[in-house]
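Q: Please see the structure below; I have some questions.
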Amino acid sequence: MSAAPLPHGSSGDGWQWCALGHKHWGLYGAAGLLVRSGDLVLLQHRALWSHHGGTWGIPGGARHLGESAEEAARREAAEESELDTAPLVETARFVDDHGGWSYTTVVVSADEALPVGIRGGESVEFQWFRVVTLGSSDGPELHPGFAHTWPQVRDLP
């Protein structure tokens with residue numbers, strides 16, 4: 001007797017190992033929303049209890065079964081912040097493929113760098129940073145995964 005198939009949208013919460021031997025959050029991969037407004041980028045200060053807590057990254061998390069990267073990134077951003085994701089226009093995306101597991105950065109454009117409040121317990125704060133400060137010694141301490149992909153996504157529109 002085989003197990004019943006999982007319904008579309010089943011939670012992807014859980015740890016997964018990739019072909020490179022790394023442990024990642026998201027049974028079906030993960031995605032995050034890189035919000036840009038001119039030369040500014042919106043970052044999330046991660047709660048201390050979270051994976052790599054206390055660092056700065058983009059809102060994101062595990063993709064649900066059958067969920068596109070864009071759907072997951074927008075859902076996660078809405079769960080973690082008060083950001084209205086509806087008017088944000090996707091301009092690019094970057095897939096960090098680890099073999100059997102991937103993280104997709106969905107780049108979106110915001111007309112204005114408005115203040116963004118937190119929602120839920122995964123964030124300490126949201127703040128806009130100038131692009132030139134990210135990855136520099138005087139910039140915020142970046143989440144290791146975001147720090148790794150920042151050189152690839154930095155110049156995406």
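Q: Does any residue of the range 77-91 turn out to be in contact (Cβ under 8 Å) with a residue 12 or more places away in the chain, among the polar types (S, T, N, Q) and touching an Asp or Glu at 6+ places or on another chain (Cβ under 7 Å)?
A: no
Q: Exactly one condition in (1) within 25 Å of Gly117 (Cα to Cα); (2) open to solvent by less than 60 Å² (accessible area, probe 1.4 Å); (3) in a strand (DSSP E or B) is false for Asp96; which is it?
A: All conditions pass for Asp96, except number (1).
Q: Quick one: is Gly54 in a strand (DSSP E or B) and small (Gly, Ala, Ser)?
A: no
Q: Let me ask you something else. Pairs only if they're at least six apart or on different chains, beta carbon under 9 angstrom, first in the range 12-34 and over 15 Å from Ser50 (Cβ atoms), second of a type in the set (Asp, Glu) and outside any loop (DSSP other than H, G, I, E, B); list them, first residue then second.
A: So the pair list comes out as Cys18/Asp97; Ala31/Glu70; Ala31/Glu71; Ala31/Glu76; Leu33/Glu70; Leu33/Glu76.
Q: Moving on. Within the range 63-120, track down each residue that is among the β-branched types (Val, Ile, Thr) and within 24 Å of Ser10 (Cα to Cα).
A: Of everything in the range 63-120, those that are among the β-branched types (Val, Ile, Thr) and within 24 Å of Ser10 (Cα to Cα) turn out to be Thr85, Val95, Thr104, Thr105, Val106.
Q: Is there a residue in the range 57-65 that is open to solvent by 30 Å² or more (accessible area, probe 1.4 Å), assigned to a loop (DSSP other than H, G, I, E, B), among the hydrophobic types (A, V, I, L, M, F, W, C) and touching a residue at least 24 places away in the same chain (Cβ under 8 Å)?
A: Yes, the conditions are met somewhere in the range 57-65.
Q: A further question follows. Quickly run through the range 141-150 and pick out the residues that are acidic (Asp, Glu) and buried (at least 17 other Cβ atoms within 10 Å of the Cβ).
A: none
Q: Could you check the range 131-140 and list, in sequence order, the residues that are within 27 Å of Trp49 (Cα to Cα) and either surrounded by fewer than 13 Cβ atoms within 10 Å (Cβ to Cβ) or without any contact (Cβ under 8 Å) to a residue 12 or more places away in the chain (or both)?
A: Listed by number, the residues that qualify are Thr133, Ser136, Ser137, Asp138, Gly139.
Q: So if I check each of Val106, Val124, which one is touching a helix residue (DSSP H, G or I) at 6+ places or on another chain (Cβ under 7 Å) and within 15 Å of Glu80 (Cβ to Cβ)?
A: On inspection, the qualifying residue turns out to be Val106.
Q: A further question on this structure: Please tell me if Trp25 is more than 11 Å from the chain's Cα centre (by Cα), at pLDDT below 95, open to solvent by 60 Å² or more (accessible area, probe 1.4 Å) and of a type in the set (Phe, Trp, Tyr).
A: yes
Q: How many residues does the range 99-129 contain that are open to solvent by 60 Å² or more (accessible area, probe 1.4 Å), within 25 Å of Leu48 (Cβ to Cβ) and touching a residue at least 60 places away in the same chain (Cβ under 8 Å)?
A: 4
Q: Continuing with the same structure: Filter the range 66-93 for residues that are outside any strand (DSSP E or B), among the small types (Gly, Ala, Ser) and surrounded by 14 or more Cβ atoms within 10 Å (Cβ to Cβ) and give the result.
A: Residues satisfying the conditions are Ala69, Ala72, Ala73, Ala77, Ala78.
The values are calculated or read from the model by the stated rules, or taken from the named source; none is laboratory data. Treat the numbers as computed from the prediction; the structure is a model and nothing was measured. Because the Cβ atoms are built from the backbone with ideal geometry, glycine has one as well, and the counts that use them run over all protein chains shown. Heads up: the accessible areas ignore ligands, DNA and RNA and are worked out on the full protein's heavy atoms, side chains in. Shrake-Rupley method; radii C 1.70, N 1.55, O 1.52, S 1.80 Å.
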